[in-house]
Amino acid sequence: MVDIDGVLSLFGAGGALHDRPERTRGSFHSIEGIPHFLSSTAAEHLLALGELFELVWASGWEERADEHLPHLLGAPAGLPFLSFSRDVGGRGGDARAHWKLAAIDAYAGARALAWIDDALDRDCREWARARPAPTLLVQTDPQLGLTAREAEQLTSWARALAAC
């Protein structure tokens with residue numbers, strides 16, 4: 001399960017979109033009138049993870065992810081996406097990810113899953129611990145997105161599951 005904002009679309013230090021860490025490659029884009037810094041570094045990690053995982057968009061972008069990210073970042077086209085039953089992002093701009101749990105649970109069923117998101121909260125961690133299937137939550141720094149550290153964590157987890 002892959003979130004987009006804070007994972008591939010990065011937030012600047014102190015909210016300033018122009019402040020980018022030098023080691024993060026990417027470019028600015030206006031997507032539906034909203035400025036986004038899309039990290040090509042994070043996209044490269046995601047593409048590599050696609051060899052080990054079934055990638056699913058778990059983002060308020062929903063179907064719009066496939067409209068924009070394949071041609072802007074080289075993300076795979078045609079990835080499945082989750083639809084959410086309430087206002088995306090929670091009430092009043094709630095940045096926590098718990099509002100995604102029902103859709104993620106319904107999609108994953110009893111399968112193992114890894115979830116990459118910058119806004120995981122206590123509800124998400126409790127949900128993951130209670131799942132009967134192996135579940136890995138990977139929280140990103142929204143200023144850096146998906147880095148080599150998180151990609152290695154995901155790769156190691158997938159390989160360990162495959163070895164069982």
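Some points to look at:
- Filtering the range 34-59 to residues that are part of a helix (DSSP H, G or I) and among the β-branched types (Val, Ile, Thr) leaves only 41.
- One residue stands out in the range 62-78 among those that are assigned to a helix (DSSP H, G or I) and among the hydrophobic types (A, V, I, L, M, F, W, C): the one that is nearest to residue 100 (Cα to Cα), namely 65.
- Conditions (1) among the small types (Gly, Ala, Ser); (2) loosely packed, with under 14 Cβ neighbours inside 10 Å; (3) touching a helix residue (DSSP H, G or I) at 6+ places or on another chain (Cβ under 7 Å); number of the one not met by residue 33: (3)
Each reported figure results from applying straightforward, stated rules to the coordinates on display, with no laboratory input. Note that the coordinates shown come from a computational prediction; the quantities given were computed from them, not determined experimentally. Cβ sites come from the backbone with ideal geometry, for glycine too, and all protein chains shown count toward neighbours.
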